[in-house]
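Heads up, the thing below is written out as structure tokens.
The values are calculated or read from the model by the stated rules, or taken from the named source; none is laboratory data. Quantities reported herein were computed from a predicted structural model and do not represent experimental measurements. For neighbour counting, all protein chains shown are included, and Cβ atoms are generated from backbone atoms with ideal geometry for every residue, glycine included. SASA here: full protein model, heavy atoms, side chains in, ligands and nucleic acids out. Shrake-Rupley method; radii C 1.70, N 1.55, O 1.52, S 1.80 Å.
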Amino acid sequence: MIKAGIIGGAGYTAGELIRLLLNHPETEIVFINSSSNAGNKITDVHEGLYGETDLRFTDQLPLDEIDVLFFCTAHGDTKKFMESHNIPEDLKIIDLSMDYRIKSDDHDFIYGLPELNRRATCTAKHVANPGCFATCIQLGLLPLAKNLMLTDDVMVNAITGSTGAGVKPGATSHFSWRNNNMSVYKAFEHQHVPEIKQSLKQLQNSFDAEINFIPYRGDFPRGIFATLVVKTKVSQEEIVRMYEEYYAKDSFVHIVDKNIDLKQVVNTNKCLIHLEKHGDKLLIISCIDNLLKGASGQAVHNMNLMFNLEETVGLRLKPSAF
């Protein structure tokens, strides 16, 4: 059994990660660290886990008792922890924050998008889990980058559910504001754009165009629905072939010939992609569950690869659908 620890156990992504690991046939949760909830039952916070676990939060860090450590911490906290604690040499780490997503000589974290860095992830000790928007958008663009087709600016509109803002309530996550409402935020300046560009340049070194990304807040709890527009004269049939070929060995990305909707992916680790050609414009529709494929599901996927397990173990999940 893979023995796992979690730091930052009270948030939405941690709740989903706990749920996945409790039902994972090869994993045992050793501890869930949350200093503010130490001693409390996990179900006092994650009430959807009633009947699933008797575990309690702890403020202890028995790092020598685990094989893998997940960080579900606020941005900046993982780096502080790594710099202030003695980490066992053989402990594998999966960080769900953005602290180590950008490649640097200052760290050895692999960017953990399996559809891009599968081989490197399989041998990695430290993995940086991608951002949710970044995952959805990259999966819509990687086959084009692989075929050196991103020669112009990319227009992206994407809407995310309220869980993307985290568990701590704020003015724009309050129900009375969010319900029957939508708004733009961080237009052209979202923090996930640098990691998207990094991945595209990994496949297409010549890529130097802009990702014109406009994010929206949606009035639903979970999911990301993105539309991307790229100019190309290549036929739709050829483009579909490129996408199917690129994702042929990936279990969670599916090219769908009919229009897609968000409920087809919510509560799953899937990404669905639909392609349409309109004149010289290629419309790419990509959707994921921000808490699963965009966070905790992808983290478990990375764990499976790091421990040489079949990649879908613990992740065969049914979408909400209706």
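Which numbered condition trips up Glu115, out of (1) open to solvent by 30 Å² or more (accessible area, probe 1.4 Å); (2) under 20 Å from the mean Cα position of the chain (by Cα)? Of the numbered conditions (1) open to solvent by 30 Å² or more (accessible area, probe 1.4 Å); (2) under 20 Å from the mean Cα position of the chain (by Cα), the odd one out for Glu115 is (1).
May I ask you to say which residue of Lys103, Lys80, Lys92 is free of Cβ contacts under 8 Å to residues at least 24 places away in the same chain and charged (D, E, K, R)? Steps first, answer last, please.
Numbers: Lys103 fails: free of Cβ contacts under 8 Å to residues at least 24 places away in the same chain; Lys92 fails: free of Cβ contacts under 8 Å to residues at least 24 places away in the same chain.
Only one candidate passes the filter, namely Lys80.
Number of residues in the stretch 11-41 that are more than 12 Å from Leu55 (Cβ to Cβ), of a type in the set (A, V, I, L, M) and open to solvent by 30 Å² or more (accessible area, probe 1.4 Å): the value is 1. Hey, any hits in the stretch 169-185 for a residue that's touching a residue at least 12 places away in the same chain (Cβ under 8 Å), surrounded by fewer than 20 Cβ atoms within 10 Å (Cβ to Cβ), in contact with a Pro (Cβ under 9 Å, 6 or more places away or on another chain) and within 26 Å of Ile260 (Cα to Cα)? Checked against the condition, which is being touching a residue at least 12 places away in the same chain (Cβ under 8 Å), surrounded by fewer than 20 Cβ atoms within 10 Å (Cβ to Cβ), in contact with a Pro (Cβ under 9 Å, 6 or more places away or on another chain) and within 26 Å of Ile260 (Cα to Cα), the stretch 169-185 yields at least one hit. Search the stretch 82-99 for residues being touching a Phe, Trp or Tyr at 6+ places or on another chain (Cβ under 9 Å) and open to solvent by 20 Å² or more (accessible area, probe 1.4 Å), and hand back the single one that is farthest from Ile196 (Cα to Cα). Filtering the stretch 82-99 for residues that are touching a Phe, Trp or Tyr at 6+ places or on another chain (Cβ under 9 Å) and open to solvent by 20 Å² or more (accessible area, probe 1.4 Å), the one farthest from Ile196 (Cα to Cα) comes out as Ile87. Only one of the numbered conditions (1) surrounded by 16 or more Cβ atoms within 10 Å (Cβ to Cβ); (2) touching a residue at least 60 places away in the same chain (Cβ under 8 Å) is not met by Glu65, and that is (1). When the stretch 1-55 is examined, which residues are found to be closer than 19 Å to Val266 by Cα and among the polar types (S, T, N, Q)? Within the stretch 1-55, Thr13, Asn23 qualify. Every condition in (1) open to solvent by less than 30 Å² (accessible area, probe 1.4 Å); (2) over 18 Å from the mean Cα position of the chain (by Cα); (3) aliphatic (A, V, I, L, M); (4) under 29 Å from Lys249 (Cβ atoms) is met by Leu148 except one, and the failing one is (1). Taken together, the residues in the stretch 222-257 that are open to solvent by 50 Å² or more (accessible area, probe 1.4 Å) and out of contact with any helix residue (DSSP H, G or I) (no Cβ under 6 Å at 6 or more places or on another chain) amount to 14. For the stretch 151-168, filtering for residues that are surrounded by 15 or more Cβ atoms within 10 Å (Cβ to Cβ) and closer than 24 Å to Gly15 by Cα leaves 7. When we screen Lys270, Lys277, Lys281, Lys263 for residues that are assigned by the TED database to the domain that holds Ser199 and surrounded by 21 or more Cβ atoms within 10 Å (Cβ to Cβ), the only hit is Lys270.
Results for (1) within 20 Å of the chain's Cα centre (by Cα); (2) more than 27 Å from Phe322 (Cβ to Cβ), shown as yes or no for each residue.
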| residue | (1), (2) |
| --- | --- |
| Thr227 | yes, no |
| Ser235 | no, yes |
| Val240 | no, yes |
| Glu244 | no, yes |
| Tyr247 | yes, no |
| Asp250 | yes, no |
| Cys271 | yes, no |
| Leu275 | no, no |
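Scanning the stretch 293-312 for residues that are of a type in the set (A, V, I, L, M) and either crowded, with 23+ Cβ neighbours inside 10 Å or modelled with pLDDT under 95 (or both) gives Ala295, Ala299, Val300, Met303, Met306.
Evaluated against (1) part of a loop (DSSP other than H, G, I, E, B); (2) surrounded by 19 or more Cβ atoms within 10 Å (Cβ to Cβ), His107 falls short on exactly one condition, (2).
Restricting the search to helices (runs of 4 or more DSSP H) fully inside the stretch 141-258 and requiring at least 3 residues that are among the hydrophobic types (A, V, I, L, M, F, W, C), out of contact with any Asp or Glu (no Cβ under 9 Å at 6 or more places or on another chain) and not assigned by the TED database to the domain that holds Gly8 gives 193-203. Name every residue in the stretch 280-297 that is in contact with a Gly (Cβ under 7 Å, 6 or more places away or on another chain) and farther than 10 Å from Cys132 by Cβ, in order of residue number. Correct list: Ile284, Ser286, Cys287.
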